[in-house]
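What follows is one structure encoded as structure tokens, with my remarks underneath.
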Amino acid sequence: MSVLSQMNSLPMYLICGVIILFVLAMSLFFMVRAWRAGIAIGMDQTKLRRAVTSSVTFTLLPSISILLGVIALSGSLGVPLPWLRLSVIGALHYETSVADIAARAIGLSGLNISEMTPTAYTTIALVMSAGIIWGMVLTIFFNKRYLSRLQKPKNAATSKGGKGFGDVAMTAMFIGLVAAYVGSYVGTFTSTGNYMPLIVLAVSAAAMAVFTYFSEKRGQLWLDNFSVAGSMLCGMAAAVLAALV
Amino acid sequence: MDKKTFFEQYNQRTHTYGRAGLIIGIILMLGCPFVMGLILGAMPDLGAFWKGFAQVALVYIPSCAVEFLIYTPMLGAGGSYLAFITGNLINMKIPCMMNAKGITDAEAGSPESEIVSTLSIAASAVTTTVVIALGVLLLIPLQPILSSPVLAPAFDNVVPALFGALAYQYFRKGIKIVAIPLMVMTVLCVAMPSLIGSVGFLIIPSGAMAIGIGYVLWKRDIKKEVTE
């Protein structure tokens, strides 16, 4: 049996499937608890439903890109391991680079199916898992303390009667995050001449402006649920068209 | 039971369940390569593991710590337990949760915000898991379509597509905060293209700048409200 067949064998699917099922069950459990708690504290069911539907539609497109990541890695690591790694904690850029580092550490010239052995495969799987768990470790030990400490100044601020700084800080942090990415796309264009990310960014932003116009000025509130996914689709379609030109 | 007591108990249990879930998750993930090794008759090479892990840890442990410090306050208790086990924080969970909070007008730090955040991250995680699982089932017939060279530019640009939509939403919300971080990040990336690959780290100074400006503006607004 070839190494690729061993990596794609039924037991590998079963091992990875069990872990994915556990994480799926945990997500569903948290969702049901949050829904019930929302109703118990008097939240409107429509609001709860909108939170869920908007998140599902928002996630559909990026999920397909993650699926593409599974396809991209399946040639060198089989299907089950990339399926697991990209469903639980992972992100494509992390998994690809870590798998390559681990492959080199075990003596391969890189992440290469022609040199892959079962030992290299299990070692790569261990490095990928051990390298990514630290966010979970920190969350286990410090989440509760960190959050309760953060809530204190927020309460003090709101008790003065003003708008909480929490809202401003979250929006500002997100603006900072988006600004860093936008800056990187401008830098990519000036240094390599690759204008594609900027075109996609501009088309996606323009599509978002159209969605916002119809939602805010024309009262089409239902569009909010699809605005981000729809804008992304427009941006991605622009990439396909720009590549054809 | 009043609303406040109920919510405190809910939050307390969220921490208990969250911790238990993450501990089981870590055990499963670290155990998985060894179970695979038992079945394949090829246990992981621990010498090579430590060598590879040392390199990975240098880059990814600080990055995990930064992610924990920055994103935990945004995600809340339930959201962070789920987000840190399901992954794809920057490119999916955080924008998804912010979008849900925006749509439902949930104020940061409020019980509503905690509920919306947990619902959003959980719905996102379930969707991703289902899409990937279906995709894996259909992998063979789908592969030629999804990996066709015609569609490749679309999937290569998912992240700029996401940030285009979010840039419009968030730049509009905080127009006074945007200018300086955007200008500084653009000048930095144009002047030093080597920084482009480290955009994950650029988020830290960019976010710090935006929060600093946000704080100054917030203080000014509070002062105005008091004098009025």
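Structure data summary
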item	result
In region B:78-92, the residues that are within 7 Å of chain A (Cβ to nearest Cβ), in a helix (DSSP H, G or I) and crowded, with 24+ Cβ neighbours inside 10 Å	B:G78, B:S80, B:Y81, B:L82, B:F84, B:I85, B:T86, B:M92
Any hit, region A:87-95, residues being more than 22 Å from A:G17 (Cβ to Cβ), in the same structural domain as A:C16 (by TED's automatic domain parsing) and among the charged types (D, E, K, R)	no
Residue in region A:20-69 that is nearest to B:D156 (Cα to Cα), counting only those that are of a type in the set (F, W, Y) and crowded, with 21+ Cβ neighbours inside 10 Å	A:F58
Within region A:207-245, tally of residues that are farther than 26 Å from B:I145 by Cα, within 8 Å of another protein chain (Cβ to nearest Cβ) and free of Cβ contacts under 8 Å to residues at least 40 places away in the same chain	3
Only one of A:S114, A:S63, A:S54, A:S76 that is polar (S, T, N, Q) and touching a Ser or Thr at 6+ places or on another chain (Cβ under 6 Å)	A:S63
B:A161 being in contact (Cβ under 8 Å) with a residue 24 or more places away in the chain and either farther than 30 Å from B:T14 by Cα or under 14 Å from the mean Cα position of the chain (by Cα) (or both)	no
Candidate set from region B:196-228 (those that are under 20 Å from B:F171 (Cα atoms) and among the aromatic types (F, W, Y)); member that is surrounded by the fewest Cβ atoms within 10 Å (Cβ to Cβ)	B:Y215
Test: residue in region B:124-138 that is in contact with an Asp or Glu (Cβ under 9 Å, 6 or more places away or on another chain) and within 7 Å of chain A (Cβ to nearest Cβ)	no
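The values are calculated or read from the model by the stated rules, or taken from the named source; none is laboratory data. Because the structure is a prediction, the values reported are computed rather than measured. When we count neighbours, we look across all protein chains shown, and the Cβ atoms used for this are built from the backbone with ideal geometry, even at glycine.
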